[in-house]
Every structure is written in C-alpha cells, then in structure tokens.
Amino acid sequence: MQHRPPPAVTWLQRLDRDAERWAMLVFYAFCCIVIVQEVLRRFVLSYSSAWGEEAARYAFIYLGWIGAAYAVRERAHIRFDFVLRAVGPRARSALYLFGELATIAFACVALYWSMHTIQMLLQFDAATPVLRINKSWFEAAVPIGFALVIFRSLQAMRRDLRDLVRGDEAFAGKAMFED
C-alpha cells in the first residue's frame, strides 16, 4: 500500500488559518517601528514628526479589532470557566452556542451603527488632524472587526454544531492562565 501525502493546503485554507495572525503581526510591527523611531527622533535629534503618533494610534486600533476576531476564533475571550466546568459536555456545547449567538447579535448591532459612523465621516469629509486623510479609512477598523467577529462566530457555531451532533467535546480554547 502506497502512502499518499496529505492534500495540499489551499491558499483559502491558509488565509482562514493565518489571516488575522499575519495582519496583527504587520500592525504590531508597524506600531513598534514608528514608536521606536519617534522616541529616537525626539531624544537623539530633538525633533519628532507629527504623523508618527497618529499613524501608530490608528494601526493599534486595527490591531485591536483584528485581535478581537482572532480571539473569537480561538475562543480566547474572557469567560466564566467555572460555570463551563460545572456542567456536562452537552450543556457546555449549548452554552457555547448561546454565547456565539449573543456575540453575533451584539456584533450585528455594532456593525450597523459603525457603518453609520463611516457614512457620516464620508459625507462630511472628516479628515484626521495631522495626516489629513479621511477618518473613515481608520474608523473602518470597527466595522471590519465586527464583520470578522461575525464570520468567526459563524464558523465556531458550525464547529460546535458538528461536535454536538457527533457527540464530541466542544472546542474550549485556552483558559486565561493556561499554558
């Protein structure tokens, strides 16, 4: 019997698995580089740019919202683990499903209102103080983040329903101080 290699991971599977991680790395590296550069400019050259702090702040906002979606994917948000440990596997699966439904409901409302904010920023051509770029480019982190949260919650629900039907233990992610 010949051993067949596992099927190649498609670029969509790789994107699904690693997109948030790579985006977080890019935004985090950008923040670090800009902040270090600004500190060096300020204390070595006695000069700092006006754009550095603003650009780092907006990159940090994107980092946070993309990180929220990643935390949903990995089930790494703060939760009451003692409640989950006190119930059986089927009840735990039901609680996870309920949590995902609540997350989706909240994210849909927040997505709607964040899109309203983007619309207003575009309508009034609101620009950032220093970069003079329309704020909608930076505020778009909020609806993008909530859309990703909805997507990842739907994926988690699909996974939880599949586990529930199979009778498998629901994916729990890691507890806050778990290695």
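The values are calculated or read from the model by the stated rules, or taken from the named source; none is laboratory data. Quantities reported herein were computed from a predicted structural model and do not represent experimental measurements. Because the Cβ atoms are built from the backbone with ideal geometry, glycine has one as well, and the counts that use them run over all protein chains shown. Heavy atoms of the whole protein, side chains included, go into the accessibility calculation; ligands, DNA and RNA do not. Shrake-Rupley method; radii C 1.70, N 1.55, O 1.52, S 1.80 Å.
Descriptive notes on the structure:
- Short-range pairs are left out: with C-alpha atoms under 8 Å and at least six residues apart, the relative contact order of the stretch 21-179 is 31 percent.
- Surface share of carbon and sulfur [accessible, 1.4 angstrom probe, percent] for the chain: 69 percent
- When shorter helices are ignored and each DSSP H run of at least 4 residues is given -39500 (n - 2.57), the per-residue value for the chain at 222 nm works out to -25000 deg cm²/dmol.
- Net dipole in debye of the stretch 1-127 [+1 Lys, Arg Cβ; -1 Asp, Glu Cβ; about Cα centre; nearest 20]: 600 debye
- Whole-Hz Karplus values for the stretch 78-88 come out as 5, 8, 8, 5, 5, 5, 5, 6, 7, 10, x Hz, taken residue by residue from phi with 6.51 cos²θ - 1.76 cosθ + 1.60 and θ = phi - 60°; glycine and proline positions read x.
- Applying 1/(1 + (r/R0)^6) with r as the Cβ-Cβ distance of Val130 and Ala86 and R0 = 41 angstrom yields a FRET efficiency of 0.20.
- Charge tally around Phe146: other residues with Cβ under 13 Å, Lys/Arg +1 each, Asp/Glu -1 each, net 0.
- Student exercise, the stretch 86-179 dipole from Lys, Arg, Asp, Glu Cβ charges, in Debye to nearest 20: 140 debye
- A simple rule links phi to the HN-Hα coupling: the Karplus curve 6.51 cos²θ - 1.76 cosθ + 1.60 with θ = phi - 60°, which for the stretch 26-38 gives 4, 5, 5, 4, 4, 4, 4, 4, 5, 5, 4, 4, 5 Hz, with x for Gly and Pro.
- Full extension of the segment from Arg17 to Ser49, taken as 0.36 nm per residue of separation minus the current Cα-Cα distance, would add 7.8 nm.
- Across the stretch 64-119, Cα-Cα distances exceeding 18 Å account for 45% of all pairs.
- Of the options [x] 16.0; [y] 11.1; [z] 9.6, only one is mean projected area of the Cα convex hull in nm² as computed from these coordinates, and that is [x].
- With the cut-off at under 15 Å, measuring from each backbone N in the stretch 138-164 to a point 7 Å along the Cα-to-Cβ line of Leu97 picks out 154-164.
- In terms of packing, defined here as the mean over residues of other Cβ atoms within 10 angstrom, the peptides 140-151, 23-34, 52-63 line up highest first as 140-151, 52-63, 23-34.
- Accessible solvent surface per residue of the chain, calculated while the other protein chains remain in place, 1.4 angstrom probe, Å²: 69 Å²
- Pairwise FRET efficiency - Val9 versus Trp113, Cβ, R0 = 25 Å, nearest 0.05: 0.10
- Accessible area (Å², 1.4 Å probe, nearest 10) - Lys135: 70 Å²
- Across the stretch 14-19, coupling constants 3J(HN,Hα) worked out from phi with the 6.51/-1.76/1.60 Karplus curve, θ = phi - 60°, read 5, 4, 4, 6, 10, 4 Hz, and Gly and Pro carry x.
- For Ala127, residues with placed amide H under 5 Å, excluding near neighbours: Lys135
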